[in-house]
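First the structure, in the form of structure tokens, and then the observations on it.
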Amino acid sequence: MDYLLTFIICFIIIYLVYSIFVIYRKKGFEKFKSSKQVIFFEKAYKLDFKKINLKSFAQALALTNAFIIAFTFTVIQLIQNFILKMLVAFVILVPLMLLMYKLLSIVYKKKEGKQNV
């Protein structure tokens, strides 16, 4: 139960910080439009951000990143050894990022296609 609470608190804090400083601040959102994450999604998953609502994408990306970080943080709390924590975090973080970003790109690729019709 403690780990679930840790996950929820971590998730909410990360999401709120990201929302406040990136999505809802005009200056932060302008930087987001040309950020490395947006460029990554354009190149790796061929998303066309002219056809996608960038604000909703930023919200979805914030939720995705908050889940990835909170899940990884919660799992490494189970481990006592610092070096082992770092190894497990890396082993969890990379595949989880690839999986979640792929799922996010699939969802937005479908939304991009629906706007053309």
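The values are calculated or read from the model by the stated rules, or taken from the named source; none is laboratory data. Fair warning: this is a prediction, and the values are worked out from it, not measured in the lab. Positions of Cβ are generated from backbone atoms using ideal geometry, with glycine treated the same way; all protein chains shown enter the neighbour counts. In case anyone asks, the SASA skips ligands and DNA or RNA and just uses the protein heavy atoms, side chains included. Shrake-Rupley method; radii C 1.70, N 1.55, O 1.52, S 1.80 Å.
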* Structure fact -> Here the stretch 75-90 yields Karplus 3J(HN,Hα) values (6.51, -1.76, 1.60; θ = phi - 60°; whole Hz; Gly and Pro given as x) of 5, 6, 5, 6, 9, 8, 6, 4, 5, 5, 4, 5, 5, 5, 4, 5
* Asked: Roughly speaking, to the nearest percent, how much of the stretch 5-86's 1.4 Å accessible area is carbon and sulfur?
  -> 71 percent
* **residue 8 paired with residue 106, simple spin-label distance in nm, labels 7 Å along Cα-to-beta-carbon** => 2.9 nm
* When only the heavy atoms of the protein chains count and the probe is 1.4 Å, how do 48, 2 rank by accessible area, highest first? -> 2, 48
* Charge dipole of the stretch 24-117 about the Cα centre (unit charges at C-beta), most positive-ward option of 91, 37, 75 -> 37
* Two-site label geometry, residue 97 and residue 25: point separation in nm, points 7 Å out along Cα→Cβ -> 2.2 nm
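Are any of the pairs 31/109; 33/85; 27/102; 36/109 more than 25 Å apart by Cα-Cα distance, and if so, which?
Too far apart for the 25 Å limit: 33/85; 27/102.
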* **Alpha carbon centroid spacing (whole Å) that separates the stretch 8-64 from the stretch 68-96** => 23 Å
* **Heavy-atom accessible area per residue - the chain, 1.4 Å, Å²** => 67 Å²
* FRET efficiency, residue 39 to residue 85 (Cβ-Cβ, R0 30 Å, nearest 0.05) -> 0.45
* Using helices alone, what [θ] at 222 nm do you get for the chain, with -39,500 (n - 2.57) per DSSP H run of 4 or more residues, divided over all residues and rounded to the nearest 500? -> -26500 deg cm²/dmol
